[in-house]
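These notes concern the structure reproduced below.
The values are calculated or read from the model by the stated rules, or taken from the named source; none is laboratory data. Everything quoted here is computed from the prediction, not taken from an experiment. We place every Cβ from the backbone using ideal geometry, glycine too, and count neighbours over all the protein chains shown. Surface accessibility is based on the protein's heavy atoms, side chains included, excluding ligands, DNA and RNA. Shrake-Rupley method; radii C 1.70, N 1.55, O 1.52, S 1.80 Å.
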Amino acid sequence: RATGSNSHDRGRRRAKQRIYHTTPAATMAAVAQQQHYEEDQGEQQGEDTEITVTYQSLDLLQEHGVAANDIQKLNDAGFHTMESVAHATIRKLSEVRGLSEAKVIKLKDIVKQMVPMEFKTAADALEDRKSLVTLTTGSTELDKLLEGGIETGSLTEVFGEFRTGKTQLCHTLCVTCQMPISEGGAEGKAIYIDTEGTFRPQRLQAIAERFGMDPAVALENVAYARAHNSEHQTELLKMAAAIMSQDRYALIVVDSATALYRTDYSGRGELSERQMQLGQFLRQLTRLAEEFGVAVFMTNQVVADPGAMSFAKDSTKPIGGNIVAHASTTRLRLRKGRGENRMCTVFDSPTLPEADCQFAVGPSGICDATE
């Protein structure tokens with residue numbers, strides 16, 4: 001299995017598969033049936049749907065002579081897939097208790113053969129992009145602005161003052177990510193990390209009813225955790241990686257990513273430490289997005305900008321500085337409008353043009369703007 005050409009072909013095939021080439025029934029068994037799928041793939045080529053996962057289990061290392069207790073040590077340290085080991089530095093892997101440097105170098109050599117990490121052509125990259133899924137936001141105009149919705153496999157940040165619809169957008173996405181591909185979903189579960197205590201399951205019930213889903217099933221498909229401090233928030237990402245390697249997930253929500261760092265670290269004396277810890281948290285989020293092909297959606301708070309002119313339309317700026325700005329793939333600014341209406345502006349994106357649109361916050365989540 002580890003011969004150069006075979007593993008490389010399999011790696012390229014896996015890179016072209018994204019989270020939407022599945023059926024709901026098949027997805028639950030995707031991880032368990034991964035090896036079985038690879039053996040039977042020839043028989044399935046004629047079918048439209050295939051069982052796919054965007055990552056490889058660490059259990060495959062046993063076939064290459066890696067001891068089961070070493071795999072367990074990696075799991076305990078937060079490494080659950082071949083990709084997570086491939087993307088980690090040798091220094092990081094050497095910090096895993098019980099792994100010598102010789103073992104780490106052997107591990108990296110094995111994984112390098114199984115995870116494609118070399119150059120590819122722009123044409124191949126374009127093909128990969130075509131298979132990306134977007135999650136509908138519940139508003140037609142907002143989806144149009146985002147060219148389909150929230151992109152999977154990358155990090156989207158939304159920021160704005162209180163009462164601009166950030167948390168409502170998080171709740172709506174937790175439901176829409178479970179819908180079929182044809183309806184703007186990704187047929188996967190959601191993880192919700194709440195740092196502000198604003199998660200409300202009854203909102204999910206109302207949103208699920210709006211989209212014609214069974215509220216009980218929709219709630220079962222959302223894994224929720226309340227983060228109590230910035231260290232706990234980072235620890236929850238390790239737990240998230242563990243549960244995502246067991247089942248099919250399409251979305252991670254962090255609401256909000258910066259609130260706890262804002263209170264745990266205070267004053268200029270702790271600013272550099274805060275930014276360093278925040279940077280590591282965001283790096284882990286990005287790693288999960290790439291490793292599992294999920295959409296990462298995080299909210300951010302704002303601070304009044306004393307440098308801005310007082311008569312400017314919006315004199316606030318997002319907190320977190322350049323660390324957050326560089327980590328986010330797409331940044332969206334939300335502002336209050338008339339009544340229930342809200343404005344969304346594309347603040348920064350590698351593909352989307354700078355534009356804005358209106359949407360509304362209703363009893364059943366995000367919807368189209370009212371006149």
(message) If I model a spin label at Ile181 and Arg91 as a point 7 Å from the Cα along the Cα→Cβ vector, what separation in nanometres do I get?
(response) 4.1
(message) What are the ³J(HN,Hα) couplings of the range 245-260, residue after residue, when phi is run through the Karplus curve with 6.51, -1.76, 1.60 and θ = phi - 60°? Round to Hz, x for glycine and proline.
(response) 7, 9, 8, 9, 10, 10, 8, 10, 10, 10, 10, 10, 6, 10, 4, 6
(message) Going by amide H atoms built from the backbone, whose H comes under 5 Å of the H on Gly362, apart from near neighbours?
(response) Cys367
(request) Please list, in chain and number order, the residues 5+ apart from Leu332 or on another chain whose amide H is under 5 Å from its amide H, with Hs placed from the backbone. (result) Glu157, Val158, Phe159, Phe347
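When all alpha-carbon pairs of the range 209-338 are counted, what percent fall beyond 26 Å?
Value for the range 209-338: 33 percent of Cα pairs lie more than 26 Å apart.
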(message) Kirkwood Rh and Cα-based Rg: tell me the resulting Rg over Rh for the range 177-249, rounded to two decimals.
(response) 1.01
(request) Go through the range 214-227 residue by residue and turn each phi into a ³J(HN,Hα) via Karplus (6.51, -1.76, 1.60, θ = phi - 60°); whole Hz please, and just put x for glycine and proline. (result) 6, x, 5, 5, 4, 5, 4, 8, 10, 8, 10, 9, 9, 8
(message) If DNA, RNA and ligands are ignored and the probe is 1.4 Å, what is the ranking of Thr136, Thr234 by accessible area, most exposed first?
(response) Thr234, Thr136
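Exceeding 27 Å between C-alpha atoms, which entries from my cross-link table qualify? They are Lys108/Lys238; Lys103/Lys189; Lys73/Lys106.
As for pairs spanning more than 27 Å Cα to Cα, those are Lys103/Lys189.
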(request) In whole Hz, with x marking every Gly and Pro, tabulate ³J(HN,Hα) for the range 83-90 from phi via Karplus 6.51 cos²θ - 1.76 cosθ + 1.60, θ = phi - 60°. (result) 5, 5, 6, 5, 7, 7, 7, 4
(message) Based on the alpha carbons, how large is the Rg to Rh ratio for the range 59-119 when Rh follows Kirkwood?
(response) 0.92
(request) Once you have a ≥ b ≥ c as the square roots of the Cα gyration tensor eigenvalues for the range 83-145, tell me rounded if a/c is under 1.5, and otherwise prolate or oblate according to whether a/b is larger than b/c. (result) oblate
